[in-house]
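Scroll down for the structure; my scribbles are underneath it.
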Amino acid sequence: MQVTVEALVNAPIENVWEAWTTPAVIQQWNAASDDWCCPKAEIDLHEGGLFDYRMESKTGAQGFNFSGHFTRLKLLQRIEYTLTDGRQVAIFFSETADGVLIKETFDTSSEYSTEAEKEGWQSILNYFKQIIETNQYLS
């Protein structure tokens, strides 16, 4: 099953793209809640390139790697990748009069309910929006 989450980010497309693809910035926003963090982000942004993000609770009690390889890229417009478990993800960046609309479509896993997984991905996207719109990633 595929699910889509989206957010409208009030920022220039170049800033949104840079924040989405820069390891140091990814580490600032890649968490679904305040009690989780992303202590490591490695990214080789080209078709066939790999990425590996470490996501874990701030206590260190839980964690996992979110990794895969890029299958399609179009600068400032699209990122597609396959996760190590075979699930597909497509992210679209569209400029609008009000900012950049980000749409993420992903295959759900069998580990979690569809609703829980959608909520988690949406939370990360919402946190990205907050970090970018308040320029917190620049500090």
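None of the figures in this text is laboratory data; all of them are computed from the coordinates on show. Keep in mind that what you see is a predicted model, and the values were worked out from it rather than measured. Here the Cβ is made from the backbone with ideal geometry for all residues, glycine too, and neighbour counts use every protein chain on show.
Assorted remarks:
- Gln88-Glu14 FRET efficiency (beta carbon distance; Förster radius 22 Å; 0.05 resolution): 0.25
- 222 nm mean residue ellipticity, helices alone, for the chain (DSSP H n ≥ 4; -39,500 (n - 2.57); rounded to 500): -8000 deg cm²/dmol
- The stretch 5-86: C-alpha gyration tensor shape, a/c 1.5 cut-off, then a/b vs b/c: oblate
- The stretch 9-57: equivalent-ellipsoid semi-axes (sqrt of 5 x gyration tensor eigenvalues, Cα, Å): 19, 17, 7
- If R0 equals 22 Å, the separation of the Cβ atoms of Thr22 and Leu76 corresponds to a calculated FRET efficiency of about 0.95.
- Taking max minus min of the alpha-carbon positions on each principal axis, the chain gives extents of 39, 30, 29 Å, largest first.
- Under Karplus coefficients 6.51, -1.76 and 1.60, residue-wise ³J(HN,Hα) of the stretch 24-34 in Hz, glycine/proline x: 4, 7, 3, 4, 7, 10, 7, 8, 8, 7, 5
- Normalised contact order of the chain, rounded percent, pairs of Cα under 8 Å and 6 or more residues apart: 31
- Restricting the stretch 5-34 to GluC sites (Glu not before Pro) in coil, as DSSP defines it, with at most 13 other Cβ within 10 Å: none
- In sequence order, the stretch 38-52 has phi-based couplings of 10, x, 9, 9, 10, 8, 10, 7, 7, 4, x, x, 9, 9, 8 Hz under the Karplus curve 6.51 cos²θ - 1.76 cosθ + 1.60, θ = phi - 60°, and Gly or Pro positions carry x.
- The lysines whose alpha-carbon is closer than 16 Å to the alpha-carbon of Lys103, local same-chain residues fewer than 8 away aside, are Lys74, Lys118, Lys129.
- Restriction of the GluC sites (Glu not before Pro) in the stretch 56-129 to DSSP coil positions whose beta-carbon has at most 11 other beta-carbons within 10 angstrom yields Glu111.
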